[in-house]
């Protein structure tokens, strides 16, 4: 009986310490600043190949530098550049090197491109598709997590934080990124997409795509014991979301790569419209989801949990 009581007390103190720690590092003002900037009219909807996406990349780079991230090995800066149809593209990638398990990689990601300037419909005057939820919310989470783990400074595994380009055009950023890694070195991938509104499961909830394909979700939920937050399997399997986001390429290579989201995609009337703006978002939902990911990932970051692999769909790159 005493052992059970001590275990529960230890868990309680751990959760309290974590809550106090993360609240000092990530707060609503910080999250709001990130997402307001990324979804501002100044970014012009962050269309691939546009001046707006270059502005967004510059902002993400400045945040990475301020946090103290390092460029990915083999890159001279945070921009991972490549070309598509002779036009320049760039992911933005930052790294926190691991300690005892530096060769094992954990990825946190989202896509920073969106639709840009689109044709106004009906009597709408606005033509900027700001993409606040899709996916400035995910990029905000990724940057906030980078700040958190850099402050903790206890990651045994190497952490990679990446803002993907050209997701809306077919996931070209994540496809290029995956070629730069040996998928066997990637322990898991937390891809974050559209967390700006309450999920169908209510407050303090999110869903994970491909939940049944590995034990990723079970590990995350175990680490959330004693908190009000819960992760759920993807309720929109007919939408095929597991294969429609930037996790898909690494998942096909056997990596337990999953997307975390709260969007009610089957009823979301703002998806891919000019009305996807900051004013429509629930900042508290974003903040709660970011904190839940931070806590739920901790045993993977520290190297004590390793999600099971997903059966390969394609052979790994040469």
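Stretch residue 62-residue 243 to full length: gain in nm at 0.36 nm per residue minus the Cα-Cα span?
Numbers: separation 181, 0.36 × 181 = 65.16 nm, distance 3.10 nm.
So the chain would gain 62.1 nm between residue 62 and residue 243.
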Footprinting exposure proxy for 156, 193 (fewest neighbouring C-beta atoms within 10 Å first): 156, 193
Candidates 285, 182, 91: whichever shows maximal mean-square fluctuation once the chain is modelled as a Gaussian network with Cα springs under 10 Å: 182
Calculated FRET value between residue 70 and residue 227, using beta carbons and R₀ = 25 Å, to 0.05: 0.20
Acute angle (nearest 10 degrees) that the helix 137-152 long axis makes with the longest principal axis of the chain, alpha-carbon atoms: 40
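Convex hull over the alpha-carbon atoms of the range 249-318: what's its volume per residue in Å³? Present the calculation step by step, with values, prior to reporting the outcome.
On the way: hull volume 10.9 nm³, N = 70.
Normalising the Cα hull of the range 249-318 by residue number yields 156 Å³.
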Nearest 10 degrees, 0 to 90: helix 51-67 Cα axis against the chain principal axis: 30
Nearest 10 degrees, 0 to 90: helix 28-38 Cα axis against the chain principal axis: 30
Most fluctuating residue given options 222, 213, 275, as computed from a GNM of the chain linking Cα atoms under 10 Å: 222
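Given a Förster distance of 45 angstrom, what is the FRET efficiency for residue 280 paired with residue 100, based on the Cβ-Cβ distance and rounded to 0.05? Intermediate values should be presented prior to the final figure.
On the way: r = 44 Å, r/R0 = 0.97.
For R0 = 45 Å, the calculated efficiency reads 0.55.
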Cα→Cβ-extended label distance, 7 Å offset, between residue 81 and residue 33, nm: 2.9
For the chain, projected area of the alpha-carbon convex hull averaged over all directions, nm²: 16.9
Computed label-point distance, nm, for sites residue 272 and residue 306 using a 7 Å Cα→Cβ extension: 4.0
Residue 218-residue 313 pseudo-label distance in nm [points 7 Å out on the Cα-to-Cβ vector]: 2.3
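Please arrange 242, 78, 164 by counting, for each residue, the other beta carbons lying within 10 Å of its beta carbon, fewest first. The partial results should precede the final answer.
Values: 242 22, 78 26, 164 30.
Final ranking by Cβ density, sparse to dense: 242, 78, 164.
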Euclidean distance of C-alpha centroids, the range 30-46 and the range 159-224, integer Å: 21
Gain on full stretching of the segment that runs from residue 127 to residue 179 - 0.36 nm per residue minus C-alpha separation: 15.2 nm
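When the helix-only estimate is applied to the chain (DSSP H runs of n ≥ 4, each -39,500 (n - 2.57), divided by the residue count), what is the mean residue ellipticity at 222 nm, nearest 500 deg cm²/dmol? Don't skip to the answer; put the middle values down first.
On the way: 9 runs with 107 residues, N = 318.
So the calculated ellipticity at 222 nm is -10500 deg cm²/dmol.
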Residues 142, 84, sorted so that the one with the fewest Cβ neighbours within 10 Å comes first: 84, 142
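Bear in mind these aren't lab numbers, they're just calculated from the coordinates by the rules spelled out. From a predicted model like this one, the values you see are computed outputs, not experimental measurements. FYI the Cβ positions are ideal-geometry reconstructions off the backbone, even for glycines, and counts take in every protein chain you see.
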